[in-house]
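Asks: A single structure is presented below for examination.
The values are calculated or read from the model by the stated rules, or taken from the named source; none is laboratory data. Here the structure is a predicted model, which means the values were calculated and not measured. Positions of Cβ are generated from backbone atoms using ideal geometry, with glycine treated the same way; all protein chains shown enter the neighbour counts. Note: accessible area is taken over every heavy atom of the protein model, side chains too, but ligands, DNA and RNA are not part of it. Shrake-Rupley method; radii C 1.70, N 1.55, O 1.52, S 1.80 Å.
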Amino acid sequence: MVGKRVAFWCRGLLAAATLGTAAPAIAQSNDAELTVRTDRPGSTIDPDIYGQFVEHLGRGVYEGIWVGPDSPIPNTRGIRNDVAAALRKIRVPVIRWPGGCFADAYHWQDGLGPRDRRPVGINSAWNETPETNQFGIREFMDFIEQVGTKPFVWTNVGSGSVPEKRRLMVCYSTRNG
């Protein structure tokens, strides 16, 4: 239907409340008209609002995404092949990491360098479980590449700073992790 006219009736209550005036005891009916043009393009919704985030909750990262390169589960450089394929299939536009409550205390520098030399910490957001930092910035960027999406790297200023965020971006862009 091209240019279909649809009539709406409003009661004036919202208008009265918006103007800061008292609503009348008996609301009056006002006719309003809206034209829906289905023959013209409309606004575009930014696909990035449909992005996802990676949370270090339970087995979301360890076993869910990251199994390590020596795992019997089929993987590419430690990233599960089935998970990467499933996310490629649904075309996730952007993935934020770290996500959720874990991000409140995560310090990105703990996930740099050789995995066997990264500090083991505590995941204070989820039952004080050990955080091995085996899944760090390099692994996240590899995961992003395997999925075929865009990264959104979250750094918090509770355990870091804006200058450290800048160093992260310079570090990754000049040395690729």
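Asks: For Arg88, state whether it is surrounded by 12 or more Cβ atoms within 10 Å (Cβ to Cβ) and under 15 Å from Phe143 (Cβ atoms).
Replies: Numbers: surrounded by 12 or more Cβ atoms within 10 Å (Cβ to Cβ): yes; under 15 Å from Phe143 (Cβ atoms): yes.
The answer is yes for Arg88.
Asks: Shifting gears a bit: Has region 32-54 got at least one residue that is among the hydroxyl-bearing types (Ser, Thr, Tyr), in a strand (DSSP E or B) and modelled with pLDDT of 70 or more? Explain how you work it out, then say what you get.
Replies: Start the filter on region 32-54 by keeping residues that are among the hydroxyl-bearing types (Ser, Thr, Tyr), which leaves 35, 38, 43-44, 50.
From the residues that got through so far, the ones that are in a strand (DSSP E or B) too are 35.
Next, only the ones that are modelled with pLDDT of 70 or more stay: 35.
Checked region 32-54: at least one residue is among the hydroxyl-bearing types (Ser, Thr, Tyr), in a strand (DSSP E or B) and modelled with pLDDT of 70 or more.
Asks: Report yes if Pro69 is part of a loop (DSSP other than H, G, I, E, B), open to solvent by 60 Å² or more (accessible area, probe 1.4 Å) and not hydroxyl-bearing (Ser, Thr, Tyr), otherwise no.
Replies: Details: part of a loop (DSSP other than H, G, I, E, B): yes; open to solvent by 60 Å² or more (accessible area, probe 1.4 Å): yes; not hydroxyl-bearing (Ser, Thr, Tyr): yes.
The answer is yes for Pro69.
Asks: Note down all Cβ pairs under 7 Å where the first residue falls in region 30-59 and is on the phi > 0 side of the Ramachandran plot, the second is among the aliphatic types (A, V, I, L, M), and they're at least six residues apart or on different chains.
Replies: Listed pairs, sorted by first residue: none to list.
Asks: Among Thr129, Thr149, which is the only one that is farther than 21 Å from Val162 by Cβ, open to solvent by 20 Å² or more (accessible area, probe 1.4 Å), modelled with pLDDT of 90 or more and of a type outside the set (Lys, Arg)?
Replies: Exactly one of Thr129, Thr149 is farther than 21 Å from Val162 by Cβ, open to solvent by 20 Å² or more (accessible area, probe 1.4 Å), modelled with pLDDT of 90 or more and of a type outside the set (Lys, Arg), namely Thr149.
Asks: Looking only at region 111-122, decide whether some residue is part of a strand (DSSP E or B), open to solvent by less than 30 Å² (accessible area, probe 1.4 Å), at pLDDT below 90 and not aliphatic (A, V, I, L, M). Walk me through it before giving the result.
Replies: Looking only at region 111-122, we keep the residues that are part of a strand (DSSP E or B), and these are 121-122.
Pick out the ones that are also open to solvent by less than 30 Å² (accessible area, probe 1.4 Å) and you get 121.
Now narrow it down to the ones that are at pLDDT below 90: 121.
Filter once more, keeping what is not aliphatic (A, V, I, L, M): 121.
Yes: one or more hits.
Asks: With respect to Arg96, determine if the residue is under 30 Å from Asp46 (Cβ atoms), of a type outside the set (A, V, I, L, M, F, W, C) and either open to solvent by 40 Å² or more (accessible area, probe 1.4 Å) or free of Cβ contacts under 8 Å to residues at least 40 places away in the same chain (or both). Spell out the reasoning first.
Replies: Working: under 30 Å from Asp46 (Cβ atoms): yes; of a type outside the set (A, V, I, L, M, F, W, C): yes; either open to solvent by 40 Å² or more (accessible area, probe 1.4 Å) or free of Cβ contacts under 8 Å to residues at least 40 places away in the same chain (or both): yes.
Yes: the conditions hold for Arg96.
Asks: Something else now. Quick test of your reading of the structure: Ala86 fulfils all but one of (1) of a type in the set (A, V, I, L, M); (2) at pLDDT 85 or above; (3) touching a strand residue (DSSP E or B) at 6+ places or on another chain (Cβ under 6 Å). Name the failing condition by number.
Replies: (3)
Asks: So, one more: Take the conditions open to solvent by 50 Å² or more (accessible area, probe 1.4 Å) and small (Gly, Ala, Ser) and apply them to Ser43. Does it pass? Let's see the steps before the verdict.
Replies: Numbers: open to solvent by 50 Å² or more (accessible area, probe 1.4 Å): yes; small (Gly, Ala, Ser): yes.
So Ser43 fits the description; yes.
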